[in-house]
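Structure first, commentary second.
Read-outs: derived from the displayed coordinates by stated rules, not from any lab. These figures come from a predicted structure and were not determined experimentally. Here the Cβ positions follow ideal geometry from the backbone for every residue, glycine too, while neighbour counts run over all protein chains shown.
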Amino acid sequence: MISETGMEKPREWLREKSIAKKILSEANVIFEVVDSRIPQETRNSVIEQLAKERNKRLYIIMNKADLVPSDFLKEAKKKLEKEYPVIVFSAHRNTGKRELMNLIKELSKEKKLIKIGVLGYPNVGKSSLINSLKRKKVATTSPKPGMTRGEKLIKLHNNVYLIDTPGIITLEFQDDLALKGSWIPEKLEQPVEVAVKLLSKILQHRPEALKEAYRVEPSDDPLEMLHRIGEKLNYRIKGGEIDLDRTAKKVLWDWIKGHIKAYWL
């Protein structure tokens, strides 16, 4: 399969799927970490399907809860709980940590070795979650997607271990992954197109987030919005025209880092 950008995907996808299969074979329990800003879009269908096929217990961890309001969290949690148990979490505010530790304590009573596979897309905050539970830095954290390079087994209790993994990328185009915050903007062949797609979603769901982030008035036209942001940032190329490519990458990085306070189901 060839993506719209001409990049071959099957080999990379098969490698990621094999990692997911390996972890799901080893783990008794799965923590699927999603981004609280876009919880539905950052659910990984491959992980959930494999867990179901292997009869593994799966919990959805809504991470980065500090980036969205409480009423949105309640609504999203209620929707996701129709399928799986859900824990709302934020490493920055210690939200959900006690609930997670209580769950792990209950699991430890099973008198057997418990391995918890921590899985999800790149940059949903798996490493931050693990470091918070371990109470020290044992996993690499970075706003740059894809920083975790290999699997790690991390001991929490005598019989409970966490399995830290690289982000699991399923068979999707770069554009779709970038919209999830799971692809480095500099690696995109058409960052302007992706930024326009992202701005379109933000304008649809929470246009005021762009005014808050860039101090510009929202426009109904996402391309015009990108122009306005570039003008405000004074990103220009030779001749004085707006540097849309640089502006697009800035917007995408701001989304990855949580500087744009937008969210949707």
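Under 25 °C and 0.890 mPa s, how fast does segment 169-265 diffuse according to Stokes-Einstein, given a Kirkwood radius computed over C-alpha pairs? Answer in µm²/s, whole number. Can you show the working numbers first?
Values: Rh = 13.4 Å.
The estimated diffusion coefficient comes to 183 µm²/s.
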Could you work out the local net charge near residue 64, counting Lys and Arg as +1, Asp and Glu as -1, over the other residues with Cβ closer than 15 Å to its Cβ? +4
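Report the local net charge at residue 228: Lys and Arg +1, Asp and Glu -1, summed over other residues whose C-beta lies under 11 Å from its C-beta.
So the environment of residue 228 carries a net charge of -1.
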Apply 1/(1 + (r/R0)^6) to the Cβ-Cβ distance of residue 153 and residue 246, taking R0 = 45 Å, and write down the FRET efficiency to the nearest 0.05. 0.60
How far, in nm, would the chain grow between residue 25 and residue 223 when pulled straight, counting 0.36 nm per residue and subtracting the alpha carbon separation? 66.7 nm
I need the semi-axes of the equivalent ellipsoid of segment 225-265: take the C-alpha gyration tensor, multiply each eigenvalue by 5, square-root it, list largest first in whole angstrom. 23, 9, 7
Backbone HN-Hα couplings from phi across segment 243-256 [Karplus 6.51/-1.76/1.60, Hz, Gly and Pro as x]: 7, 5, 4, 5, 4, 4, 5, 4, 4, 5, 5, 5, 5, 4
Log10 I(q)/I(0) at q = 0.27, 0.29 Å⁻¹ for segment 53-95, from Debye over equal alpha-carbon scatterers, is -0.94, -1.03
Two decimals is fine: what's Rg over Rh for segment 71-110, C-alpha atoms, Kirkwood radius as Rh? 1.04
